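The values are calculated or read from the model by the stated rules, or taken from the named source; none is laboratory data. Remember, predicted model here, so these are calculated numbers, not experimental data. Quick reminder, even Gly has a Cβ in these numbers, built from the backbone with ideal geometry, and neighbours come from all protein chains shown. For the accessible areas, the whole protein counts, side chains as well, though only heavy atoms, and no ligand, DNA or RNA atoms are used. Shrake-Rupley method; radii C 1.70, N 1.55, O 1.52, S 1.80 Å.
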Amino acid sequence: MTPARPCGRAQSHLGLIFGTLYPAYSSYKAVKSKDIKEYVKWMMYWIIFALFTTAETFTDIFLCWFPFYYELKIAFVAWLLSPYTKGSSLLYRKFVHPTLSSKEKEIDDCLVQAKDRSYDALVHFGKRGLNVAATAAVMAASKGQGALSERLRSFSMQDLSTIRGDGAPAPSGPPPPGPGRASGKHGQPKMSRSASESAGSSGTA
């Protein structure tokens, strides 16, 4: 199984080249020449190829193990492109056109409903996204404001403690000399003089 993968990839690239590049160039030539028959031919091919690519997305998952699966895909694309087999025109006229013609109104209604639903869903998710963004912005702003107020509160507490430290009472010490002490110093010689006079009077007696 593992060695078959590179071969399958190479064949897928080969089918991509023949299934898209050559028809794209031929479509360019048809647009340039303004040939209506070529317009119709390549439009039918691109419709069939779009359906084939859609189916290929699922068949590659479930049928890739099938023998000669990639070779069958390349052969199918060659059958679609061949001017001798006209496979794309055959499939379009026999199957695709009758089916789309019978289901065209239902398909158009489904497309209109899908377009309206997608628009409503886009508006709904847009409003929801704006609400989520606004809520996130408000929460971020409230968190930032709370952090700012907490920072300011811490700064005010530090300033208050600093003011309290600056206004503390000075340490107690010996009081400065006042007028009372000066009068005491001046009054002390008077007391000693009166004491000496009393002692002298008692001695003479």
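Here is how the numbers come out for the structure above:
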item	result
Hits in segment 93-113 (condition: open to solvent by less than 100 Å² (accessible area, probe 1.4 Å) and not hydrophobic (A, V, I, L, M, F, W, C))	His97, Pro98, Thr99, Ser101, Ser102, Lys103, Asp108, Asp109, Gln113
Single residue of segment 61-71 satisfying the filter (exposed (fewer than 13 other Cβ atoms within 10 Å of the Cβ) and closer than 18 Å to Leu51 by Cα) that is nearest to the chain's Cα centre (by Cα)	Ile61
Close pairs from segment 114-132: first in contact (Cβ under 8 Å) with a residue 60 or more places away in the chain and open to solvent by 100 Å² or more (accessible area, probe 1.4 Å), partner assigned to a helix (DSSP H, G or I) and not basic (Lys, Arg), Cβ under 8 Å, at least 6 apart	none
Some residue of segment 68-89 being assigned to a helix (DSSP H, G or I) and over 17 Å from Gly19 (Cβ atoms)	no
Residue within segment 41-58 that is over 21 Å from Ser82 (Cα atoms), of a type in the set (Lys, Arg) and at pLDDT 90 or above present	no
Of all residues making up segment 31-52, the number that are of a type outside the set (D, E, K, R) and more than 46 Å from the chain's Cα centre (by Cα)	3
Residue, nearest to the chain's Cα centre (by Cα), within segment 96-134, restricted to residues that are of a type in the set (D, E, K, R) and farther than 30 Å from Leu51 by Cα	Arg128
Residue list for segment 72-86, restricted to those being free of Cβ contacts under 8 Å to residues at least 40 places away in the same chain, open to solvent by less than 50 Å² (accessible area, probe 1.4 Å) and over 19 Å from Tyr25 (Cβ atoms)	none
Members of segment 21-40 found to be open to solvent by less than 70 Å² (accessible area, probe 1.4 Å), in a helix (DSSP H, G or I) and of a type outside the set (A, V, I, L, M, F, W, C), listed by number	Pro23, Ser26, Ser27, Glu38
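Yes/no per residue for (1) more than 26 Å from Glu38 (Cα to Cα); (2) in contact with a helix residue (DSSP H, G or I) (Cβ under 7 Å, 6 or more places away or on another chain); (3) of a type outside the set (Phe, Trp, Tyr):
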{"residue": "Phe62", "(1), (2), (3)": "yes, no, no"}
{"residue": "Ala75", "(1), (2), (3)": "no, no, yes"}
{"residue": "Lys86", "(1), (2), (3)": "no, no, yes"}
{"residue": "Glu104", "(1), (2), (3)": "no, no, yes"}
{"residue": "Lys115", "(1), (2), (3)": "yes, no, yes"}
